[in-house]
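Take a look at the structure set out below.
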Amino acid sequence: MRSSKYTKRSVLFYALLLFLSTLAGPVIHAQDIGLGLVAGQELEDEVSGVDTYPVSNPKEDLLWQEQAADLGIPIVSYYRMKGVEKGFYPVITILESSRGVSKLYKRLHRNGLDIISFVHPEDEKLYLSNSRFESGEEALLAARQVIEGGKNTVVELLVVENEPIDLLEPFDLKQKRAVSSPGNIPDYTADNLKFNSAPNAIIKKADQYFERMWYADAAELYELGLERNPEISNPAIIERVADAHYFNSDMERANFWYEKLYEGASKELSAEYLFKYSQSLKGLGKYGRARRILKLYDKKVEGSPLGRYRQQEILEREATLDNILDSEELFSVKNLQINSEYSDFAPTFYKEDKIVYASSLDSAFFTTRRYKWNEQPYLDLYVAKMNEESDELNSAVKFSKSINTKYHEAAVAFSPDHNTMYFTRNNFGKKLRRDIKGVNHLKLYRSQKVNGEWSEAEELPFNGEDYSTGHPAVSPDGKQLYFVSDRPGSMGETDIFTVDIYEDGTYSIPKNLGTQINTEQKEMFPFFTGTKLYFSSDGHTGLGGLDVFQAEFDQEEGFQDIQNMGKPINSGKDDFSFIVSEETQKGYFASNREGGKGDDDLYSFERLFPEEVNENAIAGIITDKITGDRLPDAMVELLDENNIRLKEVISDADGGFVFEDLDSHKKYHLRIQKDLYAEKDKFVETEENNLVYTDITMRKLEELVTIEDGIKKLKTEMIYFDFDKDAVREDAALELDKLVAVMEEYPSMVIKIAAHTDSRGAKAYNQQLSDRRAKSTRDYLISQGIDSERIESAIGYGESQLLNECDGSVRCAGEKHQLNRRSEFIIVDM
């Protein structure tokens, strides 16, 4: 049963990362974990002031302006530029229209730029800037870094000298425009109007709780204040109480208040409000109404510079939701007996028969340790044994005294040998540490097993004091660590990142998984099997709240299209922390769906139907044709019938290679290259769900130079021509490319070309045909970069030098005639 009328949902995983933010407003950096006050303790009032800007120093201004001039960057100043925040903007580009801006955004983000955009109110052009800075020096430094990076330039430094907008005063919404990031399209309504919280002590206290992200307390106080004093109700307060329930994932109460706001002020509702309203409807299973509200959301964002590029996305979203709702259920799920009345979630496989998970069960006795987000006790790690038959978890005990502390520990991952663990914990020393806004962030820690005991945890080097890092997942080979963060450079509210784990225990620079996985909203709880990434998101199309998604991983192309796991894994509520054994197709996840025992419950699942496995593959071993030695480090390309490259691999230490997940009964082209060896081509056709083996032999380039009858020649496979044709065939071009490689290896080599025909046709005509073939062969070599002076001659000999008895006096098959249609390459000089 739920512990409170207004706290039906715990969202403990949000508590882990402090990640909730409004769709287009200021980012809420963290949940205030551990701020829980002893009963009766009062809160200090917070003062929210208007941004101020330091008085500039004329000498410093002159210095950075001179430096900008040295770099050739013009400075453009506007005293009043409506709707654009005061500051300094390194402008990357100015667009006449927004065509192609979506791809441009992605490219600039890949280059490491933090792009914001705005429409100039005078010329209506779209400006893309590398962030905004409060001083010319900072903006110039950023501009210099962009230029020195070599991938982009800065067209101007835009100086906007507006007075900062005082959000405590009303202003004309129709004239307002704002700087926005590509993922956040602002829409200003009640949040930008004066917040009349009324002279009511209860509402004032609720405001304070809301600002500190104690949403459970805030929601309860707002409801109490509105119940006692209904006359103080206004759109701002209604949206606050709805948001408090929304951020606490109580979608039923959130929807109740969003409905009231919608009915009373539908013409002034913001895009972020409409998004949250639609999510609350999804959470209640009202998908038809959710779609209608999302259409209003789409209409809102259409007016922005980026909104026009969402039309295809809108159509795809509608089709995807239809597919999810209509799809066959592939899994059976079961609520576990081990669940408590509090939160149990974030399961992780441990050794062969155990699960480690997070729970607030035992902490419930310590009321002073409850955190204020949703009145749930602090989290500890537990370990339980898996029952292979029932999939229940039994005999749960606390994981380790050296790991569990008086604050949060949760979301753990282990190295393949289970001797290293990574886990999430509050940022604290002797007490909780907070940033300048009073927010306590989360960090990732590592502990190693020494003599059977877990060592004191050490902080990972890519944590930060001003952002959160958590939700670790280790790849099966132990070489990558995936995690979630709201660090600078995130594309949405929370993104999934990865780092390489080096053998010496150090890490690479964190890398964002990009737009294929991350959205403008929240991506959380990654789990990587080596071939698939599972994660939860409320940014991709789903059934409401967080849904579980999967994305297949390709070694060459990275993560493929994401796929919603569908019902019953996903519901209208939050579904997350999904793990699976690919061998058994069984696993566990957490959800706060209806019918559970507590706030977040653990569920087991099993796939009802075996997952179809594509076993179509081509494999082989590359060897030296003369010695038989296996050849490692050869480049093997897989091409289709149109010679379009599909994949490429490097042969392993034993000369082996494999291409998997191929189509059945399809002809593929293998192209193999290795230094000092002639390029090799081979055509292989796949079978029906089967592995096809093929052996590849390669010849060294020097072995292509041979002596026949005292004449030095380049030995290639026959250069064949079609009957009565002089065009270079595709198979002939492959052989001529090997000749090109030899001539490039020996730059002083000079050759002459001799072309021949078969005996069919008139001798005079054959003489002319062979001469055209010789010239055609010569032209091909020249087209591939061979200097014409290195080809002494290209002469046709007709049928005068046949290789067999097919001179017209005996009947011969076409294959025998084809042997006589050839080109030869005689080495004149090396």
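The values are calculated or read from the model by the stated rules, or taken from the named source; none is laboratory data. Keep in mind that what you see is a predicted model, and the values were worked out from it rather than measured. Methodologically, a virtual Cβ is constructed for each residue, glycine included, from the backbone with ideal geometry; neighbour enumeration extends over all protein chains shown. Areas reflect the complete protein model, heavy atoms only, side chains present, ligands, DNA and RNA absent. Shrake-Rupley method; radii C 1.70, N 1.55, O 1.52, S 1.80 Å.
Per-residue answers, yes or no, for (1) modelled with pLDDT of 85 or more; (2) open to solvent by 60 Å² or more (accessible area, probe 1.4 Å); (3) among the aliphatic types (A, V, I, L, M); (4) assigned to a loop (DSSP other than H, G, I, E, B):
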position: Leu325; (1), (2), (3), (4): no, no, yes, no
position: Glu341; (1), (2), (3), (4): no, yes, no, yes
position: Phe349; (1), (2), (3), (4): yes, no, no, no
position: Ser363; (1), (2), (3), (4): no, no, no, no
Boolean, Asp779 is in contact with a strand residue (DSSP E or B) (Cβ under 9 Å, 6 or more places away or on another chain) and not in a helix (DSSP H, G or I): no
Restricting attention to the range 803-830, which residues are at pLDDT 85 or above, open to solvent by less than 50 Å² (accessible area, probe 1.4 Å) and assigned to a loop (DSSP other than H, G, I, E, B)? Asn804, Cys806, Cys812
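Tally up the residues in the range 212-260 that are farther than 17 Å from Lys286 by Cα and assigned to a helix (DSSP H, G or I), please.
Number satisfying all stated conditions: 29.
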Residues in the range 423-440 that are at pLDDT 55 or above and either in contact with a His (Cβ under 7 Å, 6 or more places away or on another chain) or open to solvent by 10 Å² or more (accessible area, probe 1.4 Å) (or both) total 8
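Yes/no per residue for (1) at pLDDT 80 or above; (2) touching a strand residue (DSSP E or B) at 6+ places or on another chain (Cβ under 6 Å); (3) open to solvent by less than 10 Å² (accessible area, probe 1.4 Å); (4) of a type in the set (Ser, Thr, Tyr):
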site	(1), (2), (3), (4)
Arg240	yes, no, no, no
Glu259	yes, no, no, no
Leu274	yes, no, yes, no
Glu302	no, no, no, no
Leu306	no, no, no, no
Gln311	no, no, no, no
First in the range 541-561 and of a type in the set (Val, Ile, Thr), second anywhere and open to solvent by less than 30 Å² (accessible area, probe 1.4 Å), Cβ under 6 Å, 6 or more apart: Thr541/Leu321; Val548/Ser536; Val548/Met565; Val548/Ile569; Val548/Asn570; Val548/Asp575; Val548/Phe578
Given the condition open to solvent by 10 Å² or more (accessible area, probe 1.4 Å), under 14 Å from Asp829 (Cα atoms), under 50 Å from the mean Cα position of the chain (by Cα) and aromatic (Phe, Trp, Tyr), answer yes or no: does some residue in the range 708-721 qualify? no
Only one of Leu781, Leu769 is buried (at least 19 other Cβ atoms within 10 Å of the Cβ), aliphatic (A, V, I, L, M), within 30 Å of Ser809 (Cβ to Cβ) and free of Cβ contacts under 8 Å to residues at least 60 places away in the same chain; which? Leu769
Exactly one of Thr697, Thr706 is farther than 19 Å from Glu648 by Cβ and modelled with pLDDT under 85, and that residue is Thr706
Counted residues, the range 549-583 - those being loosely packed, with under 15 Cβ neighbours inside 10 Å and either among the hydrophobic types (A, V, I, L, M, F, W, C) or farther than 19 Å from Ala473 by Cβ (or both): 3
Out of the range 663-699, which residues are open to solvent by 90 Å² or more (accessible area, probe 1.4 Å), closer than 20 Å to Glu615 by Cβ and among the aromatic types (Phe, Trp, Tyr)? Tyr693
Ala236 vs (1) open to solvent by 30 Å² or more (accessible area, probe 1.4 Å); (2) within 23 Å of Ala290 (Cα to Cα): all pass except (1)
Let me spell it out: the conditions are (1) touching a Leu at 6+ places or on another chain (Cβ under 8 Å); (2) open to solvent by less than 20 Å² (accessible area, probe 1.4 Å); (3) closer than 25 Å to Glu328 by Cβ, and Leu546 meets all of them except one. Which number is the exception? (1)
Test each condition in (1) open to solvent by 20 Å² or more (accessible area, probe 1.4 Å); (2) more than 27 Å from Asp624 (Cα to Cα); (3) part of a strand (DSSP E or B) for Ala754 and report the one that comes out false. (1)
Would the range 121-141 turn up any residue that is among the small types (Gly, Ala, Ser) and either modelled with pLDDT under 75 or surrounded by fewer than 16 Cβ atoms within 10 Å (Cβ to Cβ) (or both)? no
Under the condition of being touching a residue at least 24 places away in the same chain (Cβ under 8 Å) and surrounded by fewer than 17 Cβ atoms within 10 Å (Cβ to Cβ), which residue from the range 223-233 is nearest to Gln521 (Cα to Cα)? Ile232
Please enumerate the residues belonging to the range 467-483 that are closer than 23 Å to Ile579 by Cβ, touching a residue at least 40 places away in the same chain (Cβ under 8 Å) and in contact with an Asp or Glu (Cβ under 7 Å, 6 or more places away or on another chain). Ser468, Gln480
